[in-house]
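So the structure is just underneath, and the comments pick up after that.
The values are calculated or read from the model by the stated rules, or taken from the named source; none is laboratory data. All figures in this text were calculated on a predicted structure; none of them were measured in a lab. No Cβ is skipped: glycine too gets one built from the backbone with ideal geometry, and neighbour counts run over all protein chains shown.
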Amino acid sequence: MTAEIDAGATRGPGRPREPATDARILAAALRLMAQGGYVRMSMEAVAAEAGVTKPTIYRRYTSKIQLALAAIVAFCDQDPPRSSGATRADLVAQLRHLRRALGRPYGMALLGTVLAEEHETPELLASFREYLVHPRRTAVRAILERARAHGELPAGADLTLAINMLIGAYYAQYLAGEPFADDWAERVADQALASIGWAGTG
């Protein structure tokens with residue numbers, strides 16, 4: 001990544017930062033970036049949207065890319081679900097967590113923005129992958145590897161394929177414009193586990 005996300009080290013002495021102001025700035029940047037793209041987002045527009053001055057923003061973020069990256073990190077920063085030790089239950093919890101994360105306002109719009117900007121501003125997609133995509137894939141893989149270690153999955157089970165099925169199911173359903181059933185996460189988990197020979201019960 002070519003930009004430093006945390007601008008705290010560059011901030012000089014003065015009044016302490018206000019968390020509410022920080023949150024408004026990041027939320028404004030996220031909305032504007034999701035609605036119009038990174039190129040159209042400006043520090044002036046973010047300041048107006050957040051109800052602050054441009055110097056207030058520049059005291060926190062010295063560049064637009066730094067602000068955009070911080071907004072993505074803030075969007076992705078959600079507490080992961082706790083492990084129950086049960087394979088199916090933990091996969092269902094991960095799928096519900098992913099759905100809540102991307103189902104928030106501007107969630108999929110933000111993804112569209114970072115994909116569209118990949119060639120001009122690859123840092124955005126890299127940040128989205130680092131803070132949202134990779135942690136969820138890692139968590140799902142850990143669940144499946146634990147199941148394999150406990151004998152619930154065959155030694156040769158294709159875990160990467162299962163991960164793609166589990167996580168990709170959300171994007172496929174969203175793009176199809178089909179509503180999510182209440183038991184969507186359970187059904188996806190069951191199908192993915194069945195495809196790799198799960199022999200567990202919970």
- Consider only pairs whose beta carbons are under 9 Å apart and that are at least six residues apart or on different chains; among these, list those whose first residue lies in segment 34-56 and is within 14 Å of D22 (Cβ to Cβ) and at pLDDT 95 or above and whose second residue is of a type outside the set (K, R) and in a loop (DSSP other than H, G, I, E, B). V46/V52; A47/T53
- Query: Hey, T160 hits all of (1) closer than 18 Å to G197 by Cα; (2) free of Cβ contacts under 8 Å to residues at least 24 places away in the same chain; (3) of a type outside the set (A, V, I, L, M); (4) in contact with a Phe, Trp or Tyr (Cβ under 7 Å, 6 or more places away or on another chain) but one; which does it fall short on?
  - Reply: (4)
- Among the residues of segment 177-202, how many are surrounded by fewer than 18 Cβ atoms within 10 Å (Cβ to Cβ) and outside any helix (DSSP H, G or I)? 12
- Message: Take T62 and tell me if it is under 30 Å from V46 (Cα atoms), outside any loop (DSSP other than H, G, I, E, B) and either touching a Gly at 6+ places or on another chain (Cβ under 6 Å) or polar (S, T, N, Q) (or both).
- Response: no
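Any residue at all in segment 150-162 that's modelled with pLDDT of 90 or more, out of contact with any strand residue (DSSP E or B) (no Cβ under 7 Å at 6 or more places or on another chain), more than 27 Å from G200 (Cα to Cα) and part of a loop (DSSP other than H, G, I, E, B)?
Initially, segment 150-162 is screened for residues modelled with pLDDT of 90 or more, giving 150-162.
Restricting the remaining residues to those that are out of contact with any strand residue (DSSP E or B) (no Cβ under 7 Å at 6 or more places or on another chain) gives 150-162.
Those left that are additionally more than 27 Å from G200 (Cα to Cα): none.
For segment 150-162, residues modelled with pLDDT of 90 or more, out of contact with any strand residue (DSSP E or B) (no Cβ under 7 Å at 6 or more places or on another chain), more than 27 Å from G200 (Cα to Cα) and part of a loop (DSSP other than H, G, I, E, B): absent.
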- Note on the structure: Within segment 148-176, residues surrounded by 11 or more Cβ atoms within 10 Å (Cβ to Cβ), farther than 16 Å from L102 by Cβ and of a type in the set (G, A, S) come out as A157, A162
